[in-house]
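The values are calculated or read from the model by the stated rules, or taken from the named source; none is laboratory data. Fair warning: this is a prediction, and the values are worked out from it, not measured in the lab. So basically every Cβ, Gly included, is an ideal-geometry build from the backbone, and we count neighbours across all protein chains shown. The area values use the complete protein model at the heavy-atom level, side chains included, leaving out ligands, DNA and RNA. Shrake-Rupley method; radii C 1.70, N 1.55, O 1.52, S 1.80 Å.
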Amino acid sequence: MTVQLVSVIGNSPGVGKSTLCRALAAALREDGAVVDHFEEADILVREAFRPVAEEFADGTGAVRPGTLVACVRAYVAEAAAAGTGVLVTDALLPFVPSLVAWGHDEDAVAGVAEDLVRAVAPAEVTVVYVHDDPGAALRRAVAREGAGWAEWYVAKLGSSPGTRHVGDLDSAAAHLRAETELTRRVLARTPWRTVPVDTGELDAEAAFAYARAQLAWRPGQF
C-alpha cells in the first residue's frame, strides 16, 4: 500500500490552515482510512522527530536541514510499517518559513525540497496550500489572538537571522508576500501535487469542501 501524505501549509497566520487540516483528517477517518493527523506542535514531541527537538533546544533556535530531512524520512517509514494509509500533516512540508527564518536562501530551500522528495518516496504527496493576502490574514489573527499576539509574532520574526528586517505588522505582511512567491516557486520544482485554497474567497466550510473535492476522496479509496 502506498502511503498518501497530505501536507497542509499556509502562507500566513490567520488563513485557517490548522482548522482545515483537522477537518481533512476527520473526513478521511470517516471514509475508513487509517489516518495519522500530525499537528504543528507534534514536531517537538513525536519520537521520529526527537533529533529536531534536541537541536531546536540547544540554544541556537534552529535545526540543520539534514536533520529535518532524516526525521521526515523516519516518520514516513514508521507510518508505512505501521500500516497507516494517510498522513495529514500541519505545516510539515516543505518547511519554507522555518528555513527562511534560519537564514537559508532560495537555492538552499529548493535543495531541501529536493531532498524531501527523495526522503518521502514512494509516498504520494499532495500539498494543500492555504493562502490569503497576508495583511488581511494577520488582521484576522490579531482579532482572534489579541494585541499581545501581534507583538509576540513581530518579535519572533525580528529575532531570527533571515527575518530580522521585520519590525511591525506591515513589514511582516510584506515578508510573507515574498515568502508566498518563494514557496510557489519551490513547490513548482517538485513532483508533488499542489492544491491552492484561497481563504480570502472561501470561508472555512467552503474551503474544506473545495479541498476535499480536489483530493477526490471516495469511501474505501485508502
Residues satisfying the stated conditions in the stretch 132-162, i.e. outside any loop (DSSP other than H, G, I, E, B), touching a Gly at 6+ places or on another chain (Cβ under 7 Å), closer than 30 Å to V86 by Cβ and open to solvent by less than 30 Å² (accessible area, probe 1.4 Å): A137, A141
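Table: residues versus (1) part of a helix (DSSP H, G or I); (2) in contact with a Ser or Thr (Cβ under 6 Å, 6 or more places away or on another chain); (3) touching a residue at least 12 places away in the same chain (Cβ under 8 Å); (4) closer than 21 Å to G61 by Cα.
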{"position": "T89", "(1), (2), (3), (4)": "no, yes, yes, no"}
{"position": "L93", "(1), (2), (3), (4)": "no, yes, yes, yes"}
{"position": "H104", "(1), (2), (3), (4)": "no, no, yes, yes"}
{"position": "D107", "(1), (2), (3), (4)": "yes, no, no, no"}
{"position": "E114", "(1), (2), (3), (4)": "yes, no, yes, no"}
Residue in the stretch 67-77 that is on the phi < 0 side of the Ramachandran plot, in a loop (DSSP other than H, G, I, E, B) and among the aliphatic types (A, V, I, L, M) present: no
Lone qualifier among E78, E114 - being modelled with pLDDT of 95 or more, over 17 Å from the mean Cα position of the chain (by Cα) and open to solvent by 50 Å² or more (accessible area, probe 1.4 Å): E78
Residue within the stretch 177-190 that is surrounded by fewer than 16 Cβ atoms within 10 Å (Cβ to Cβ) and not in a helix (DSSP H, G or I) present: yes
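Yes or no, residue by residue, for (1) in a helix (DSSP H, G or I); (2) modelled with pLDDT under 95; (3) open to solvent by 20 Å² or more (accessible area, probe 1.4 Å):
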| residue | (1), (2), (3) |
| --- | --- |
| S7 | no, no, no |
| G14 | no, no, no |
| S18 | yes, no, yes |
| R22 | yes, no, yes |
| A25 | yes, no, no |
| G32 | no, yes, yes |
| D36 | no, no, yes |
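If only one of L28, L44 is under 25 Å from V195 (Cβ atoms) and of a type in the set (A, V, I, L, M), which one is it? I'd like the intermediate steps shown before the answer.
On the way: L44 fails: under 25 Å from V195 (Cβ atoms).
Result of the check over L28, L44: L28.
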Matching residues in the stretch 39-62 - criterion: being part of a helix (DSSP H, G or I) and small (G, A, S): A41, A48, A53
